[in-house]
1. For residues in region B:101-132 being among the hydroxyl-bearing types (Ser, Thr, Tyr) and free of Cβ contacts under 8 Å to residues at least 12 places away in the same chain, which is farthest from A:TYR38 (Cα to Cα)?
2. Search region A:24-40 for residues that are without any contact (Cβ under 8 Å) to a residue 40 or more places away in the chain and pair each with any residue that is in a helix (DSSP H, G or I) and surrounded by fewer than 14 Cβ atoms within 10 Å (Cβ to Cβ) when their beta-carbon atoms are under 6 Å apart and the residues are at least 6 apart or on different chains.
3. Might you let me know whether region B:133-146 holds any residue that is exposed (fewer than 12 other Cβ atoms within 10 Å of the Cβ) and in a loop (DSSP other than H, G, I, E, B)?
4. Anything in region B:61-117 that is touching a helix residue (DSSP H, G or I) at 6+ places or on another chain (Cβ under 7 Å), assigned to a loop (DSSP other than H, G, I, E, B) and under 27 Å from B:ASN3 (Cα atoms)? List them, or say none.
5. Could you check, for region A:50-58, whether at least one of its residues is touching a residue at least 12 places away in the same chain (Cβ under 8 Å), aliphatic (A, V, I, L, M) and in contact with a Phe, Trp or Tyr (Cβ under 7 Å, 6 or more places away or on another chain)?
6. Quick one: is B:SER11 exposed (fewer than 14 other Cβ atoms within 10 Å of the Cβ), small (Gly, Ala, Ser) and closer than 30 Å to A:LYS37 by Cα?
7. Looking at region A:16-59, which of its residues are exposed (fewer than 13 other Cβ atoms within 10 Å of the Cβ), away from every other protein chain (no Cβ under 12 Å) and on the phi < 0 side of the Ramachandran plot?
8. Given the conditions (1) surrounded by fewer than 17 Cβ atoms within 10 Å (Cβ to Cβ); (2) in contact (Cβ under 8 Å) with a residue 40 or more places away in the chain; (3) of a type in the set (Gly, Ala, Ser), which single one is not true for B:ALA38?
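Laboratory data are not the source of any read-out in this text; all were calculated from the coordinates shown. None of the values given here were measured: they were computed from a predicted structure. When we count neighbours, we look across all protein chains shown, and the Cβ atoms used for this are built from the backbone with ideal geometry, even at glycine.
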Amino acid sequence: MKNQLRELRTRKQWSQGELAEKLYVSRQTINAIETEKYDPSLPLAFKISRLFKLPIEEIFRTTD
Amino acid sequence: MDNPNTLESVSPLSGHYSLKRDLRLNAWFMVAAAVAGAIAFLLKRHPEWSPLSRALLTLAPLIPGMLYVRDCMLFIRGMDELQRRIQMEAWLFAAMGTLILGTTVNTLSANGVSLGRLEHGFSLVGTFALTFSLWLVGTAIANCRYK
């Protein structure tokens, strides 16, 4: 799954740690999502979507 | 809301160490170890005690041990989803590794292969040490995967 998380985060000028705090996850989780090594659960994807006020499908896209 | 639990928060050299979290996780383990040590010392010094009292005393560390297991479960529940997945992979690796190695040692022994001190399989302490070592390896592998 591809995602726009890094672009969205840097646009807001947040560090990975700051974003992690806002989402109540570890910095490692943010890094793993940004590097596309880990796909977040649906509840976390919804949290991200609410935080950036964007629909999920604009943040996450399937590769196929 | 607190940050989610991480292994770093209970590793003294990680730079993100939290004594509060470490105690919340490991306090009952320390109690269990202290009780087990004290009981082993007492049982050695008093061989005249009845088998029933010896059995009860020997099993006493199980109570703080079970409370420690409860704290481990609460700690994992307080982790975020990726940390929980890493722990699940690490524990699966440790459990399956212990099972496979234990079975292999027993099978070799049963087929007449001389294994020296491992002739009767792993001891209790040996099994714990093996599981813990495999858990460390499993955690390192899973961490590398999601780094």
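1. Filtering first and then ranking leaves B:SER114.
2. Close Cβ pairs satisfying both conditions: A:ARG27/A:GLY17.
3. No, the conditions are met nowhere in region B:133-146.
4. B:ASP80
5. Taking region A:50-58 as the starting set, the residues that turn out to be touching a residue at least 12 places away in the same chain (Cβ under 8 Å) are A:51-52, A:54, A:58.
Right, trim to aliphatic (A, V, I, L, M) and you get A:51, A:54.
The next check asks that each one be in contact with a Phe, Trp or Tyr (Cβ under 7 Å, 6 or more places away or on another chain); those that pass are none.
Taking every residue of region A:50-58 in turn, none turns out to be touching a residue at least 12 places away in the same chain (Cβ under 8 Å), aliphatic (A, V, I, L, M) and in contact with a Phe, Trp or Tyr (Cβ under 7 Å, 6 or more places away or on another chain).
6. Answer is yes for this residue.
7. Those that are exposed (fewer than 13 other Cβ atoms within 10 Å of the Cβ), away from every other protein chain (no Cβ under 12 Å) and on the phi < 0 side of the Ramachandran plot: A:PHE46, A:ARG50, A:PRO55, A:GLU57, A:GLU58.
8. If we test B:ALA38 against (1) surrounded by fewer than 17 Cβ atoms within 10 Å (Cβ to Cβ); (2) in contact (Cβ under 8 Å) with a residue 40 or more places away in the chain; (3) of a type in the set (Gly, Ala, Ser), just (2) comes out false.
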